[in-house]
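Below you'll find the structure, written out as structure tokens, and then a few comments.
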Amino acid sequence: MTNEMGHALVHLVRDLHGDGFIPLHRPVFEGNERQYLVDCIDSNFVSSVGAKVIEFEQHIAAFTGAKYAIATVNGTAALHVALQLAGVQRDDEVITQALTFIATCNALSYAGAHPVFVDVDRDTLGLSPEALRRWLSEHAEQRDGQAWNRRTGRRIAACVPMHTFGIPLRIAEIVAICDEYGISVVEDAAESLGSWVGDRHTGTFGRLATLSFNGNKVITTGGGGMIITDDEALARRAKHLTTTAKIPHPYEFVHDEVGYNYRLPNLNAALGCAQMERLPRMLEIKAEVAARYRGFFAGTDVRFVEPLPGTTANWWLNATVLDSEADRDALLDYTNSRDVMTRPIWRLMSRLPMFQHCQHDGLENSRWLEARVVNLPSSVPESQFHRLRE
């Protein structure tokens with residue numbers, strides 16, 4: 001990583017995004033957001049009951065092709081409930097990747113489960129089917145259609161693969177392997193709204209999946225998440241659990257189990273409805289930004305992370321892989337000192353104090369990527385906002 005390349009990259013980012021501080025990813029409100037918020041306020045339905053919540057769920061279900069969508073206050077809450085719906089119980093084990101955002105493992109912890117970390121593929125940055133099969137062959141045994149860890153004696157209840165930065169992983173292979181072992185798959189699709197494997201949206205391969213609409217995602221509701229599934233019974237239970245497990249009644253308050261106050265407020269859903277109207281155009285523009293980066297890094301020693309053939313990324317965050325940790329640090333220092341925000345990938349979950357005791361497979365690729373990945377500014381450029389108003 002040379003200063004010349006850093007200088008040229010900063011020039012490209014400023015050509016895309018203008019002067020001043022350039023964030024990694026900023027929200028865009030260039031549609032009906034303001035009007036829909038006013039409509040909610042005028043209706044007096046601003047909390048978890050309101051028409052916009054239902055409408056937003058319908059938008060997500062239609063866009064992803066899932067039969068059902070249940071809105072929650074954030075993606076972590078969605079994943080917490082999805083794990084419970086998948087049958088994860090206290091002291092069960094859940095296989096996931098160490099190369100992920102903390103929310104994945106936080107949700108596992110809320111469920112009382114123990115993470116088991118399996119390596120990722122270097123090309124997708126997502127859970128590796130080969131590593132998963134190898135780990136299961138070495139450590140798992142089947143009893144009555146369920147998988148158990150021979151080393152710990154715990155049940156392996158679920159697998160949570162994560163589509164890193166919106167880049168689809170080899171999800172069909174992951175699901176096929178888990179099916180062999182009787183392990184439920186809950187897709188962490190928090191970052192991949194608008195990403196596809198062939199003509200099938202990410203999040204529609206496992207029993208359940210979750211999405212996030214945090215302020216830095218492709219679309220945002222301020223905070224917010226979603227559970228998607230094709231299983232009607234799971235969808236009904238998801239809505240029940242996320243609305244404090246209250247039995248429907250015009251005026252009485254009766255709750256039949258411990259539930260959660262996780263329902264998305266109508267105000268947030270109003271933002272989501274407006275954002276969904278602009279999502280296809282946002283994805284077009286973000287793909288153009290990615291193409292500029294792709295052209296810039298072509299022929300250099302820096303790898304620009306691309307989706308696998310036959311898959312489509314939403315280009316939530318553009319990612320590069322540098323030659324070394326020293327090159328990564330040089331790029332981070334050069335760009336951030338010039339008000340162009342770049343960031344490294346997350347610290348591995350297995351290196352955090354609360355998860356460092358968890359079983360893992362060595363995580364060779366995860367450790368290699370942790371030392372080399374840099375994210376680049378990936379917002380819809382302000383110069384393109386006019387296209388969102390058309």
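If you check GLU277 against the conditions, is it acidic (Asp, Glu), within 28 Å of TRP196 (Cα to Cα) and surrounded by fewer than 19 Cβ atoms within 10 Å (Cβ to Cβ)? Spelling it out, GLU277 is indeed acidic (Asp, Glu), within 28 Å of TRP196 (Cα to Cα) and surrounded by fewer than 19 Cβ atoms within 10 Å (Cβ to Cβ). Only strands (runs of 3 or more DSSP E) whose full extent lies in segment 136-231 are considered here, and the ones with at least 3 residues that are within 22 Å of PRO115 (Cβ to Cβ) are 140-143, 146-149, 155-160, 184-188, 208-212.
Kindly indicate whether LEU317 is surrounded by fewer than 18 Cβ atoms within 10 Å (Cβ to Cβ), touching an Asp or Glu at 6+ places or on another chain (Cβ under 8 Å), within 26 Å of ASN365 (Cα to Cα) and among the aliphatic types (A, V, I, L, M). Against the criterion (surrounded by fewer than 18 Cβ atoms within 10 Å (Cβ to Cβ), touching an Asp or Glu at 6+ places or on another chain (Cβ under 8 Å), within 26 Å of ASN365 (Cα to Cα) and among the aliphatic types (A, V, I, L, M)), LEU317 does not qualify. Screening segment 304-363 for residues that are touching a Lys or Arg at 6+ places or on another chain (Cβ under 7 Å) and in a helix (DSSP H, G or I) and picking the one that is farthest from LEU193 (Cα to Cα) gives GLU325. Hey, can you tell me all the residues within segment 241-253 that are in a helix (DSSP H, G or I) and touching a strand residue (DSSP E or B) at 6+ places or on another chain (Cβ under 8 Å)? Residue satisfying the conditions is THR242 alone. Given the conditions (1) touching a Gly at 6+ places or on another chain (Cβ under 8 Å); (2) modelled with pLDDT of 95 or more; (3) over 30 Å from HIS11 (Cα atoms), and given that MET276 satisfies all but one, which numbered condition is not satisfied? Only one criterion in (1) touching a Gly at 6+ places or on another chain (Cβ under 8 Å); (2) modelled with pLDDT of 95 or more; (3) over 30 Å from HIS11 (Cα atoms) is unmet by MET276, namely (1). I'd like the full set of residues that are in contact with a strand residue (DSSP E or B) (Cβ under 6 Å, 6 or more places away or on another chain) and within 19 Å of LEU234 (Cβ to Cβ), limited to segment 172-189. Result: VAL175, CYS178, GLY182, ILE183, SER184, VAL185, VAL186, GLU187, ASP188, ALA189.
Is it the case, given these coordinates, that ALA158 is over 15 Å from the mean Cα position of the chain (by Cα) and surrounded by fewer than 22 Cβ atoms within 10 Å (Cβ to Cβ)? Here the answer is no, as ALA158 does not meet what is asked.
Of the residues in segment 228-237, at least one is surrounded by 15 or more Cβ atoms within 10 Å (Cβ to Cβ) and under 30 Å from LEU24 (Cβ atoms).
Sort out which residues of segment 344-386 are touching a residue at least 60 places away in the same chain (Cβ under 8 Å), touching a helix residue (DSSP H, G or I) at 6+ places or on another chain (Cβ under 6 Å) and of a type outside the set (A, V, I, L, M, F, W, C), and write them in order of number. HIS360, ASP361, PRO377, PRO381, GLN384 - these are the residues of segment 344-386 that are touching a residue at least 60 places away in the same chain (Cβ under 8 Å), touching a helix residue (DSSP H, G or I) at 6+ places or on another chain (Cβ under 6 Å) and of a type outside the set (A, V, I, L, M, F, W, C).
The values are calculated or read from the model by the stated rules, or taken from the named source; none is laboratory data. Only a predicted model underlies this, so the values are computations on that prediction, with no experimental measurement involved. Heads up, the Cβs are rebuilt from the backbone with ideal geometry, glycines too, and the neighbour counts pull from every protein chain shown.
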